[in-house]
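The values are calculated or read from the model by the stated rules, or taken from the named source; none is laboratory data. No experiment lies behind these values; they were computed from the predicted model shown. Ideal geometry is used to build each Cβ from the backbone, glycine not excepted, and the neighbour counts take in all protein chains shown.
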Amino acid sequence: MMTKTIRPRPVKHVPQRTCLACGKIKTKQELVRLVRIADDRVEVDPSGKKAGRGAYLCRARQCWETGLKGDRLERTLRTRISQDNRQDLVRFGEEWLKEQVSGQGK
């Protein structure tokens, strides 16, 4: 009679990305993806699966402010971001971060 050998399961690969603002390496799930779409607009990609060039930001107010200020995001995504588009991203970040903070207090 043969004894069955138990092999340890292989460790699953966890994708990591770098925050555009602070430079910290975190798991993809810990970051928020911004993606350049076909018409040269930048959108938030909550699923992380939209087609297009992407950049990542931490879920912290300081990283959102730093990442959206200046041309750091534009260089990473290789596009020009209109003032309206930038304001939409800032507004999204502010609202989303408020929800995250209020959700932790429950």
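Tabulated values for the structure
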{"read-out": "Residue, modelled with the lowest pLDDT, within the range 66-82, restricted to residues that are farther than 15 Å from residue 36 by Cα and loosely packed, with under 15 Cβ neighbours inside 10 Å", "value": "70"}
{"read-out": "Search result, residues across the range 1-26 that are among the β-branched types (Val, Ile, Thr) and farther than 30 Å from residue 67 by Cβ", "value": "3, 5, 6, 11"}
{"read-out": "Residue satisfying all of: in the range 1-23; assigned to a loop (DSSP other than H, G, I, E, B) and among the hydroxyl-bearing types (Ser, Thr, Tyr); farthest from residue 59 (Cα to Cα) among these", "value": "3"}
{"read-out": "Every pair of residues 6+ apart whose Cβ atoms lie under 9 Å, when the first sits in the range 44-55 and is within 16 Å of residue 89 (Cβ to Cβ) while the second is among the small types (Gly, Ala, Ser) and assigned to a loop (DSSP other than H, G, I, E, B)", "value": "45/52; 52/38; 54/48"}
{"read-out": "Residues being farther than 16 Å from residue 73 by Cα and touching a residue at least 12 places away in the same chain (Cβ under 8 Å) - total across the range 30-43", "value": "2"}
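Listed here are the residues, each with its yes/no results for (1) exposed (fewer than 13 other Cβ atoms within 10 Å of the Cβ); (2) at pLDDT 90 or above; (3) in contact with a Ser or Thr (Cβ under 8 Å, 6 or more places away or on another chain).
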| position | (1), (2), (3) |
| --- | --- |
| 14 | yes, yes, yes |
| 19 | no, yes, no |
| 22 | no, yes, yes |
| 36 | no, yes, yes |
| 40 | no, no, yes |
